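Here's the structure we're looking at; comments come further down.
No value in this document is a laboratory result; all are computed from the given coordinates. All values derive from a computational prediction rather than experimental measurement. Cβ: placed from backbone, ideal geometry, glycine included. Neighbour counts: every protein chain shown.
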There are 2 protein chains.
Amino acid sequence: MKSKYTTIIDIARQLNISKSTVSRALTGHPNVKEPTRKAVLELASSMEYQRNSLALGFSKHTTNTIGIMVPEFMSTYFPSVIVGVQDVMQAAGYNVVICQQNESYESEVSNMKLLLSYRVDGIIVSHTKETRNFDHFTLAQRRGVPLVFFNRVPDDMNVPNVVVNDYEAAFQAVEHLIAIGRKRIAHLAGPESLVNTRLRRQGYLDALKKHDIPYNPDLVLSYDLTTEKVKIYMKHFLDLATPPDALFAINDPTAIAAMEVVKAKGLRIPEDIAIVGFSNDFSAQLVYPGLTTVAQPTADIGRTAAEMLLQELKAKVKNDYTIKKAPTIQLPTKLIVRESTVSPSKLRNK
Amino acid sequence: MKSKYTTIIDIARQLNISKSTVSRALTGHPNVKEPTRKAVLELASSMEYQRNSLALGFSKHTTNTIGIMVPEFMSTYFPSVIVGVQDVMQAAGYNVVICQQNESYESEVSNMKLLLSYRVDGIIVSHTKETRNFDHFTLAQRRGVPLVFFNRVPDDMNVPNVVVNDYEAAFQAVEHLIAIGRKRIAHLAGPESLVNTRLRRQGYLDALKKHDIPYNPDLVLSYDLTTEKVKIYMKHFLDLATPPDALFAINDPTAIAAMEVVKAKGLRIPEDIAIVGFSNDFSAQLVYPGLTTVAQPTADIGRTAAEMLLQELKAKVKNDYTIKKAPTIQLPTKLIVRESTVSPSKLRNK
DNA sequence: CAAAAAATTGGAACCGTTCCCATCAAAAAA
DNA sequence: TTTTTTGATGGGAACGGTTCCAATTTTTTG
């Protein structure tokens, strides 16, 4: 089967020179006479020569391509991290291939194998909520493919990663709720499998403790990040004998789904119940009332992760993280106060 | 340089058989004795053999991978189309590589070349708002790589595509505004380069004509889809001697940005100005008031495009669309009426 | 102007896999 | 038992590029 793509051999034949020379001319090797180079370049362009990355990667053992794996991309968080990654990587001459897992562990494993089978040079990852087994990640490491994690980092793996201080950010968010006079603060936490869940919950607990508010286990529920469950759990909170006067939600979609339940029940936000989310998703400013939330520097997270990966890639001797401590970078967050915790009139006076 | 990946030659050497036999065992060729196959499979799994897709694609001239190119993915529209595409393609045993253009023509060209250099078997595309030159698309076709377009389809190219009836949907949306008694209906249109812009505007014009509302050129502006411009143009509309009492926006982000301008000016939605968007982005239900909009079956669009591409891929003889008419599939839209056009009390009575 | 040095080019190996063809062994048929 | 058919395996070319080394040409130098 003859392919329709032009090859360097086609060019070589037409010019009656060897393919080595054509290759040299095309890659900008210095040892090519000017007229030869010109002839090759002209013919290549007129024949619309398109180099075969498969052949190239195959023969050079490096593809100049990296992969990025995200658990989902319906919120704006991951897309905007990806934009940051592409930014840095394209400037560095790398191609970026995006894989999306739909929060499925199975997809994650198969996408990882896909990326490895395409011999990507490195991978930036945030794992799914289902991921409890990390063998597919260590496999990549054993193959010499550097990994950089962000946001969701496996906590028993020593890998380079970019995160925010989830603990501190949660602590501040809860302190904000306390500052506006709330005492019965509920927390809708995420799945146990995510570090973020544990850190943010600890921040919540410690903020309560600092302000001498006793911890009430009835007000903390972990859930699987599905919209249906939010509705059930939120209804449960509101039906308690003494319902909460505030909610700290693991993320913005959770907070927004919770707001709907509150509104459907005819309660007022923030008067009856104040709500705080996490990540400052684009939708946080759109909902009514505007959602108070912890902003993450998403594009920066992407850029930083990309730079970290570039470090790994250009290290002549691969860093061995079974011996050496892997680098972590923590980026700052910022509490964005909106109407879901402070009524509009007060906000304006600020 | 020795790669850390196991190859079929490593396996062959260890078992003292030829690489042909190993290859046959791994690909499930029938002519392999059972004990041999078993030995190969076991060793492959214990050595964590991972086939080299570069070598495979290189030798077979087919990669079992398709690309999808989208102009942006910060709204939910394109991500959810992608999910539909992945759905069908994964079931059919194909890998999907996602490329995101950031609405940049330059990125589009370079991503197209990237996909071609990786010899993908086919590509699903929605072009950027900047794209006016389609050479990179015809290049793919000349290389025998089938294309399927969706949403944004170059109108002077004969290519398979999946769309909605933009004209009809716009017509209905505007009729809805007329039905609720609006007479001065403004239209914020998109860039001239997109078919959607032209079709939706035509729908707008024809709806006015049908209901004997004279066309007022002052009330129609085309713009480049940037948030800053919406603000300027919307302010301009509101500052007219007789400002519009309704707005039909090219898409939901436009409508939502326009709503902010209206609210900032202290006007009421829908009483002073009713607003309709397009696509039913996830945020349309979140904004306050809820945005009336035209829902598109996004996941279905993705699934349909994927199925169309599969048709192209399995055609033994490639369809030549320089001769033959390319198929088009039009999927249904649905007008979703929310509070931005009908006040809550009336909505409830319906 | 011949010899040495430098620049340019060609040839061949290599990368990992598939696949066609040849070979050989085993099983079936004569 | 011999021949034919079938099944299992090995050998090697092909895919498109890079790269090292050798060969050739050109330039420089003594």
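Figures for the structure shown
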item: Teacher prompt: A:Gly266 distances to equivalent labels in other copies, 7 Å Cα→Cβ, nm; result: 3.3
item: Taking the C-alpha atoms of the range A:8-51, convex hull volume expressed per residue in Å³; result: 60 Å³
item: The range B:246-314 - Debye-derived log10 I(q)/I(0), Cα point model, q = 0.12, 0.20 Å⁻¹; result: -0.41, -0.74
item: Under 15 Å from the Cα of A:Lys346 - aspartates and glutamates, other chains or at least 8 residues apart; result: A:Glu271
item: Ranking of B:Ile232, A:Ile250 by count of other Cβ atoms within 10 Å, fewest first; result: B:Ile232, A:Ile250
item: Between the range A:134-198 and the range A:252-297, the Cα center-to-center distance that results, in Å; result: 21 Å
item: Pseudo-label separations to other copies for A:Thr226 - Cα-to-Cβ vector, 7 Å, nm; result: 4.4
item: Residue of chain A whose Cβ sits closest to the axis mapping A onto B, with distance in whole Å; result: A:Tyr288, 1
item: C-alpha long axis of helix B:34-46 to longest principal axis of chain B, angle in °; result: 60 degrees
item: Kirkwood hydrodynamic radius (C-alpha pairs) into Stokes-Einstein, the protein assembly as shown, 10 °C and 1.306 mPa s, D in µm²/s; result: 57 µm²/s
item: HN-Hα J in Hz across the range A:157-174 - Karplus 6.51, -1.76, 1.60, θ = phi - 60°, x for Gly and Pro; result: 10, 8, 10, x, 7, 10, 9, 10, 7, 4, 4, 4, 4, 5, 4, 5, 4, 6
item: Sequence-distant lysines (8 or more away, or on other chains) whose Cα lies within less than 25 Å of B:Lys318; result: A:Lys2, A:Lys4, B:Lys60, B:Lys113
item: Cβ-based net charge around B:Thr63, under 9 Å, with every Lys or Arg adding one and every Asp or Glu removing one; result: +1
item: FRET efficiency estimate (nearest 0.05) - Cβ-Cβ, B:Ile323 to B:Glu228, R0 30 angstrom; result: 0.05
item: For the range A:107-119, 3J(HN,Hα) per residue [Karplus equation, 6.51 cos²θ - 1.76 cosθ + 1.60, θ = phi - 60°, Hz, x = Gly/Pro]; result: 4, 4, 4, 6, 5, 4, 5, 4, 4, 5, 5, 8, 6
item: Square roots of 5 times each gyration tensor eigenvalue, C-alpha, the range A:79-148, largest first, Å; result: 20, 15, 10
item: Convex hull (Cα only) mean projected area of the range A:175-268, reported in nm² to one decimal; result: 5.8 nm²
item: For A:Val125, residues with placed amide H under 5 Å, excluding near neighbours; result: A:Met69, A:Val148, A:Phe149, A:Phe150
item: Eligible aspartates and glutamates near B:Lys231 by straight Cα distance, threshold 15 Å, same-chain separation 8 or greater; result: B:Asp239, B:Asp252, B:Glu260
item: The range B:131-210, Rg to Rh (Cα coordinates; Rh as Kirkwood inverse mean 1/r); result: 1.13
item: Degrees between helix B:77-91 axis and first principal axis of chain B (Cα, 0 to 90, nearest 10); result: 30 degrees
item: Shortest-first nm distances, B:Glu168 label point to equivalent points in other copies (7 Å, Cα→Cβ); result: 5.7
item: Sorted by Cβ density within 10 Å, fewest first, the residues A:Arg142, B:Arg24; result: A:Arg142, B:Arg24
item: For the range B:12-100, convex hull of alpha carbons as volume per residue, Å³; result: 131 Å³
item: Choice from A:Val162, A:Val97, A:Val125 with maximal GNM fluctuation in chain A (Cα, 10 Å cutoff); result: A:Val97
item: Convex hull volume per residue in cubic angstrom - Cα atoms of the range A:311-350; result: 129 Å³
item: Ranked B:Glu192, A:Glu72, A:Glu175, A:Glu108, criterion: other C-beta atoms within 10 Å, fewest first; result: B:Glu192, A:Glu175, A:Glu72, A:Glu108
item: Mean residue ellipticity (222 nm) of chain A, computed from DSSP H runs ≥ 4 via -39,500 (n - 2.57), nearest 500; result: -13500 deg cm²/dmol
item: Selected from B:Leu219, B:Leu240, B:Leu331 as most flexible by GNM, with chain B as the system and alpha-carbon contacts under 10 Å; result: B:Leu240
item: Leading residue at positive end of dipole, the protein assembly as shown (Cβ point charges), from A:Met234, A:Tyr94, B:Gln285; result: A:Tyr94
item: Extension gain from B:Leu41 to B:Asp10, taking 0.36 nm per residue of separation minus the Cα-Cα distance; result: 9.9 nm
item: 5 angstrom amide H check on B:Ile336, placed H, neighbours 5+ away; result: B:Thr293, B:Val294, B:Ala295
item: Within chain B: Cβ-based charge dipole about Cα centre, in debye rounded to nearest 20 (Lys, Arg +1; Asp, Glu -1); result: 1100 debye
item: Under the Karplus curve 6.51 cos²θ - 1.76 cosθ + 1.60, θ = phi - 60°, whole-Hz ³J(HN,Hα) for the range B:330-335, x wherever Gly or Pro sits; result: 10, 9, x, 10, 8, 6
item: Within a Gaussian network of chain A (alpha carbon springs, distance under 10 Å), most fluctuating of A:Gln311, A:Gln86, A:Gln14; result: A:Gln14
item: Overall Cα dimensions of chain B, principal axis frame, Å, largest first; result: 88, 43, 39
item: Selected from A:Ala274, A:Val337, A:Leu309, residue furthest toward positive end of dipole (the range A:257-350; charges at beta carbon); result: A:Leu309
item: Debye equation applied to the C-alpha atoms of the range B:192-350, log10 I(q)/I(0) at 0.08, 0.12, 0.14 Å⁻¹; result: -0.32, -0.64, -0.80
item: Simple Cβ-charge dipole of the range A:8-51, Lys/Arg +1 and Asp/Glu -1, about Cα centre, in debye nearest 20; result: 160 debye
